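Below is one structure; the comments refer to it alone.
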């Protein structure tokens, strides 16, 4: 019998199944993913996976919820420029990582062909951008950034060039890409592009 | 008998097959795409499609070559700001379009799981960025942009926020997104972010 208490058997099954989903997405991408293979890899019964998730996109959507819950905290270096640098470096490290990179690609690819995954992906990025945007809000409070700056737009524009290279190019994101993105968002803040 | 002369039967077959590939990608995405369905839709023999392309990713890669060959010319309004606006508006129109949007999503998704498609996609964007970057080169010649600005980086950073919304969010790209992206790249140029 499964229970829904946190940290109980249900939580352990979920972690095993989401771990197996991520492993298989990294190893072979979205194509050829099957619930039965996920169940086997996770060491749980097929019927559990079918009953609880029902489809590969539903599994990927739940994986995104878990990724949002467990992702790194926002940087807090005490200076806006260093916080933006730390945030951009984390994106670079994540997308260039040999496990995380293919995982993000597979998740984004799943979102292109499944509306529920697209919703989960949008929620994931909204949460992530919200969390990191507090570095801008606090910089405004310290007088380091102009009042009225939209922190979410700052973080979206910090991230975008790194994701653009990740998804449309075949070369890794460089340290120069990170520096350019930080310099560009700071220039935008100073000239009132973000409100 | 097929010949390879331009505009001949081979070219007509290619156009029919690439058109059918795009139709099926728009209608049902990458999942479930099959060469046999493409051949049927195009009204050509299955063996032709198997012999000439051999796989769905190879078809998508060839579609990208065709998309690069037939995409719009660069804007030429006579002013850098208006050229950048026109370029960003074209991206917005394309990605929000009910046919082109799903097509670009499917192509980008295919690239995440197939290295040959990823190469073709990178070549497509490199050609596209090269073509549009001449609006910056000419603005430098007119004294409208600082000497030494890297036009390719300007166009990449103009495009990135629009693609970021397209791929990680579920809301359409807005006119405000377009204006913000243009204002940001102009601020970046003026402050030396692009060299």
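Values in this text are rule-based calculations from the coordinates and carry no lab data. Since the structure is predicted, the reported quantities are computational estimates derived from the model, not experimental observations. Methodologically, a virtual Cβ is constructed for each residue, glycine included, from the backbone with ideal geometry; neighbour enumeration extends over all protein chains shown.
A few remarks follow.
- Peptide-level mean, for B:168-180, of C-beta atoms on other protein chains within 10 Å: 3
- Taking every C-alpha pair closer than 8 Å and separated by at least 6 residues, the mean separation divided by the residue count of chain A gives a relative contact order of 20 percent.
- Note on region A:1-145: Cα-only Rg and Dmax are 17.6, 57 Å.
- Pairs of alpha carbons in region B:67-190 separated by more than 18 Å make up 53% of all such pairs.
- Among A:162, A:121, A:184: highest mean-square fluctuation, GNM of chain A, C-alpha pairs under 10 Å: A:184
- Axis of helix B:175-190 versus longest Cα principal axis of chain B: the two differ by about 60°, to the nearest ten degrees.
- The protein assembly as shown: C-alpha gyration tensor shape, a/c 1.5 cut-off, then a/b vs b/c: oblate
- Simple spin-label estimate for residue A:51 and residue A:27 gives 2.6 nm between the two label positions (7 Å along the Cα-to-Cβ direction from each Cα).
- Taking other Cβ atoms within 10 Å as a rough exposure proxy, A:94, A:185, A:123 sort from fewest to most as A:123, A:94, A:185.
- Position residue A:192, label points 7 Å along Cα→Cβ, spacing to each other copy in nm (shortest first, one decimal): 2.4
- Computed E for residue A:137/residue B:174 - FRET, C-beta separation, R0 25 angstrom, nearest 0.05: 0.60
- Centroid-to-centroid separation of region B:30-103 and region A:173-191 [C-alpha atoms, Å]: 31 Å
- Residue exposure sequence - B:165, A:73, A:99, A:89 - by fewest surrounding Cβ within 10 Å: A:73, A:99, A:89, B:165
- As a rough footprinting exposure proxy, the listed residues A:136, A:182 were ranked by other beta carbons within 10 Å of their own, and the order from fewest upward is A:182, A:136.
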